[in-house]
Amino acid sequence: MCSRTLCCGDPERAIRMTETTYRIVSQEKDGYRVEVAGPGLLPQTAAGFRTEAEANAWIAQDKRLRDAADPWRPPAGRKWRGY
């Protein structure tokens, strides 16, 4: 049986998706980078952002893409009904 938190034999997937953290780091000469970490994930770094606003925009896009990859997540603004 599939549910929103325990999906298709991967009970840790929902936890990994919700506990992903993003940290913007200022670099002396190269602008900004974003460090992405979470349980069950290898730490990753996205670099080359000229401004903090660009780094924040990338984070927002990455979150949208991660949410879109989860077929059991309800659309934004809609409540989960469980059926």
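Tabulated values for the structure
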quantity: Which listed residue is without any contact (Cβ under 8 Å) to a residue 60 or more places away in the chain, surrounded by 15 or more Cβ atoms within 10 Å (Cβ to Cβ) and assigned to a helix (DSSP H, G or I), from Asp62, Asp67; calculated: Asp62
quantity: Complete set of residues in the range 42-54 that are surrounded by 12 or more Cβ atoms within 10 Å (Cβ to Cβ) and not in a strand (DSSP E or B); calculated: Glu52, Glu54
quantity: Yes/no for Ala57 being out of contact with any helix residue (DSSP H, G or I) (no Cβ under 9 Å at 6 or more places or on another chain), at pLDDT 60 or above and part of a strand (DSSP E or B); calculated: no
quantity: Index of the failed condition, Met17 passing every other in (1) among the aliphatic types (A, V, I, L, M); (2) in a helix (DSSP H, G or I); (3) at pLDDT 90 or above; calculated: (3)
quantity: Filter result for the condition that a residue is at pLDDT below 80 and over 17 Å from the mean Cα position of the chain (by Cα), over Gly31, Gly48, Gly82; calculated: Gly82
quantity: Filtered residues of the range 30-41 (kept if part of a strand (DSSP E or B) and either without any contact (Cβ under 8 Å) to a residue 12 or more places away in the chain or over 17 Å from Arg66 (Cβ atoms) (or both)); calculated: Gly31, Tyr32, Arg33
quantity: Failed item in (1) surrounded by 13 or more Cβ atoms within 10 Å (Cβ to Cβ); (2) at pLDDT below 90, with Pro39 passing the rest; calculated: (1)
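The values are calculated or read from the model by the stated rules, or taken from the named source; none is laboratory data. Keep in mind that what you see is a predicted model, and the values were worked out from it rather than measured. For neighbour counting, all protein chains shown are included, and Cβ atoms are generated from backbone atoms with ideal geometry for every residue, glycine included.
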